[in-house]
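The values are calculated or read from the model by the stated rules, or taken from the named source; none is laboratory data. On a predicted model such as this, the values are computed, not experimentally measured, just so you know. We place every Cβ from the backbone using ideal geometry, glycine too, and count neighbours over all the protein chains shown. Areas reflect the complete protein model, heavy atoms only, side chains present, ligands, DNA and RNA absent. Shrake-Rupley method; radii C 1.70, N 1.55, O 1.52, S 1.80 Å.
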Amino acid sequence: MHIEKISPDKNSFGKFNGLSEEIFHYYDSLNGDYISQSTNHFYYSLGDWFGSFKIEIPLYKSLASMSRLGRRAMRLDKGCCVYSSTVNMLIIFYQFSVYTFDIRTLDLKKKLDLGYRNPLFGGVLVLEDKVFFGEYYNNKEGSPMSVWCGDLKSDKWSRIFNFDKKEIHHVHGIYHDEYTDSIWICTGDFNGQC
């Protein structure tokens, strides 16, 4: 793990240490807060907290990451990162694993191995100290698909719902309806699976 501090200059949006971000996971145009990513480097500016960290990848992936084509071919530019302000923690889905990063202590921890690369970008729900996500991959066999919950305070990660075999192709996203206080699970891809 590599952790480095970046300049707390919110006007430097989009360029840090010579790396151009390829993904912005979050941006607040009112205060300039953001979470961004360039390959395995993650950058954040959240209120008074600024910084960056890197998730280690094998040498062959690091070499592939030097070109745009290599990053795309190995999906090194894909990830999903969300923030829980309740526990001041980033939750990162990257290269078949789930990590947490405490922005106060700069502690990066691997929490879970996934059987797929990551949930669909924009499809992860954070409710206070809980994170909800669904399995998303090319499910050609029609395998059962699960919805997961990570409790960031107790550090417990578990399947909380299972779709039966061939019931859905995969989970597109999980969203909170603040008007009814319901959680919606969006699925797909084919007729009868949505």
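The table for this structure:
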| item | result |
| --- | --- |
| Pick from the range 113-142, criterion crowded, with 16+ Cβ neighbours inside 10 Å and over 14 Å from the mean Cα position of the chain (by Cα), ranking: nearest to F93 (Cα to Cα) | Y137 |
| Condition met for D181 (surrounded by fewer than 14 Cβ atoms within 10 Å (Cβ to Cβ) and free of Cβ contacts under 8 Å to residues at least 12 places away in the same chain) | yes |
| Subset of the range 161-178 that is farther than 10 Å from G134 by Cα and part of a strand (DSSP E or B) - its residue that is most open to solvent (accessible area, probe 1.4 Å) | Y175 |
| Strands (runs of 3 or more DSSP E) within the range 1-51 that include 1 or more residues modelled with pLDDT of 90 or more | 23-27, 34-38, 41-46 |
| Residue that is farthest from D155 (Cα to Cα), among those in the range 63-100 that are among the polar types (S, T, N, Q) and open to solvent by less than 30 Å² (accessible area, probe 1.4 Å) | S65 |
| Scope the range 150-160; condition closer than 14 Å to D113 by Cα, open to solvent by less than 80 Å² (accessible area, probe 1.4 Å) and without any contact (Cβ under 8 Å) to a residue 24 or more places away in the chain; matching residues | S158 |
